[in-house]
Amino acid sequence: MTVTWEELGWERVAAGVGRCRLPGWDCTAGLVLGEGTALVVDAGSSLAEGARLRARAQELAGHRVTHLALTHPHFDHVFGAAAFAGAEVFGAVGIDSVLAYEREELRLDALRNGLPAPEAEEAADALVLPRHLVSGEWTLDLGGGRQVLLANIGPGHTAHDLAVLVPGDPEAVFCGDLVEESGEPQAGPDAVPSQWPAALDRLLALGGEDALYVPGHGAVVDAGFVRRQRDELAARFGVS
C-alpha cells in the first residue's frame, strides 16, 4: 500500500515536493525528493524537533536525508541542523559567520521566544556550519532528473537569505522568512529593510507568475501575494 504525503504529516506541494508546518512558531520545513536523495529545507527550532523532522522525511523518502538547505540564520530555522548528521549543508554566504560567532545571541533569542533553556543551550552548542556557501546561484543535482536551484536572494529579512527553487509543474519556491503568510513579516535587528522589497523582486523573477511560493511561516501563496507583501514592505520602510 502506498503511503501518502499527508499520512506522514506532509503537505504535498508538487510532484516529489512537500512541506510541513512545525508546531510552536508555525515554521515551515520543506522536502524535495530525488533519486536516492532527499533535500530538507530548514531544520526546526531544536535538536529534538530536527530529529523528528529528519525521521518524518526519511520515512517518506525511504532513505536518508542527503542535503539540508538553511534559508537564514534564525533559531527556529537552524537549531535542528545538528540532527541531520551526514547531510550536505547549504546556506547563503555569511550565514557561517553568524552561526559561528553569534551563537549566544541566537540562544538568547530562542529563550525570549519561549524555547526551554536546556533545549536552547544544547542546540546553540551543537550548531552546524554550512559546508556549501551560495554567493549567487547553485544548481543542486538530486538525481533522477531532479535539479534544484539555490539562490542567494537577500539581503532582506536578514543579510543572508537563501531561496530554493524547485522546477516542475508547478514550480515551487521556498522563500524562508522573506515571505510570511500567517502574520506580518518580522523585521528584527538583523533585517535589512531598505533592501527587502528588492529581494522580493528577485524572488518573483526567480519563480515567475505561475510558481507556488512557500513562506517561512503560513500557507502556500501565489505571486500576487508576494507582490502585495513586497509593496506593503516598501510602504512600511519608505523605499520604492
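Within segment 77-94, residues that are open to solvent by less than 10 Å² (accessible area, probe 1.4 Å) reach partners that are polar (S, T, N, Q) with beta carbons closer than 7 Å, at six or more positions or on different chains, in the pairs 77/71; 79/45; 79/46; 80/45; 80/46; 92/152. Among the residues of segment 141-169, those that are farther than 14 Å from residue 72 by Cα, open to solvent by 10 Å² or more (accessible area, probe 1.4 Å) and not acidic (Asp, Glu) comprise 143, 144, 145, 146, 147, 149, 165, 167, 168. Being at pLDDT below 95, polar (S, T, N, Q), open to solvent by 50 Å² or more (accessible area, probe 1.4 Å) and under 26 Å from residue 105 (Cα atoms) is a description that does not apply to residue 240. Could you tell me whether residue 100 is at negative phi, in contact with a Ser or Thr (Cβ under 9 Å, 6 or more places away or on another chain), not in a loop (DSSP other than H, G, I, E, B) and not β-branched (Val, Ile, Thr)? No. Filtering 44, 18, 36, 50 for residues that are in contact (Cβ under 8 Å) with a residue 12 or more places away in the chain, part of a strand (DSSP E or B) and of a type in the set (Gly, Ala, Ser) leaves a single hit, 18. Here residue 182 meets the list (1) within 30 Å of residue 100 (Cβ to Cβ); (2) surrounded by fewer than 18 Cβ atoms within 10 Å (Cβ to Cβ); (3) among the hydroxyl-bearing types (Ser, Thr, Tyr) almost entirely, failing just condition (1).
Evaluate segment 74-83: report whether one residue or more is in a loop (DSSP other than H, G, I, E, B), acidic (Asp, Glu) and modelled with pLDDT of 95 or more. No, that holds for no residue. Here segment 25-63 is the region considered, the condition is being out of contact with any strand residue (DSSP E or B) (no Cβ under 8 Å at 6 or more places or on another chain) and either aromatic (Phe, Trp, Tyr) or surrounded by 21 or more Cβ atoms within 10 Å (Cβ to Cβ) (or both), and the residue that is nearest to residue 139 (Cα to Cα) is 50. The condition (being within 23 Å of residue 238 (Cβ to Cβ) and charged (D, E, K, R)) is satisfied by just one residue among 180, 137, 119: 180. Of the residues making up segment 190-203, none is farther than 28 Å from residue 85 by Cβ and touching a residue at least 60 places away in the same chain (Cβ under 8 Å).
The values are calculated or read from the model by the stated rules, or taken from the named source; none is laboratory data. These numbers come from a predicted model, not from an experiment. Backbone-built Cβ (ideal geometry, glycine too); neighbour counts: all protein chains shown. In case anyone asks, the SASA skips ligands and DNA or RNA and just uses the protein heavy atoms, side chains included. Shrake-Rupley method; radii C 1.70, N 1.55, O 1.52, S 1.80 Å.
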